[in-house]
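The structure appears right after this line, and notes come after that.
The values are calculated or read from the model by the stated rules, or taken from the named source; none is laboratory data. No experiment lies behind these values; they were computed from the predicted model shown. Here Cβ is always computed from backbone atoms with ideal geometry, including for glycine, and neighbour counts include all displayed protein chains. With ligands, DNA and RNA removed, areas are computed over all heavy atoms of the protein, side chains included. Shrake-Rupley method; radii C 1.70, N 1.55, O 1.52, S 1.80 Å.
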Amino acid sequence: MVWVISPAKAQTVEQLLQEMAAIEQDASARQQALKDGEERAQLCFRCHGQDGNSKRDYIPNLASQNAAYLFTQFEKFANGERQDYVMSTLAKHLSADDRIDIALYFSEREVEPREPQVEASAAGERIYNSVCFACHGKEGHGSASYPRIAGQPYEFLETTLLKFLHNDPSRANSPMIAVMKNLDEQQVKDVAAYVAHMP
């Protein structure tokens, strides 16, 4: 069976997510999508690794990330809601089919957490369990709407959280901006240290 996303069906992110969910439910379509995703993700491997485990500590792992979340972020880069030179350019040149297949491919890879650069933080754990767990879950695995943060490199976590704290324009539309207003830089680093130890 070949899944074709027609222009009429590709009008909204919600409709594309429904298409992706349908592919996930069909064994043969899912296998084809994973095969196509590996082929179409060649440009992603340089930074994020062939298995979705990033090459550098400042680059996020895509392995084991929630497929719906990955796809939604692709759409945000494509429409300009999120800004990054490489990702914005790449997303705009990939078809909806490509973005779905790549999201599914990386979601199926196994994340390989790095040895954290910092010690685990008890203060960070307290903050996580009082603030962060509501969206990202007790284990940090997220959902279709919120990213899996467990297994991410410390440097990426710290840099990203500080961008939210300082209201970086590239992340201006994120709900994390409001969350970060209640924390200071040390608390942000404590949370990053705790999360970096989550498998």
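Yes or no: Glu119 of a type outside the set (Ser, Thr, Tyr), crowded, with 17+ Cβ neighbours inside 10 Å and touching a residue at least 12 places away in the same chain (Cβ under 8 Å)? In short, no. Looking at region 146-199, the helices (runs of 4 or more DSSP H) lying wholly inside it that each contain 3 or more residues that are of a type in the set (Ser, Thr, Tyr) and within 23 Å of Arg114 (Cβ to Cβ) sit at 154-165.
If you go through region 159-199 and keep only what is buried (at least 16 other Cβ atoms within 10 Å of the Cβ), farther than 19 Å from Arg82 by Cβ and of a type outside the set (Ser, Thr, Tyr), you end up with Leu183, Gln187, Val188, Lys189, Asp190, Val191, Ala192, Ala193, Val195, Ala196, His197, Met198. The single residue among Gly49, Gly37 that is in contact with a helix residue (DSSP H, G or I) (Cβ under 6 Å, 6 or more places away or on another chain), open to solvent by less than 50 Å² (accessible area, probe 1.4 Å), at pLDDT 95 or above and under 14 Å from Glu108 (Cα atoms) turns out to be Gly37. When restricted to residues that are part of a loop (DSSP other than H, G, I, E, B), among the acidic types (Asp, Glu) and within 22 Å of Ala63 (Cβ to Cβ), region 81-131 contains 5.
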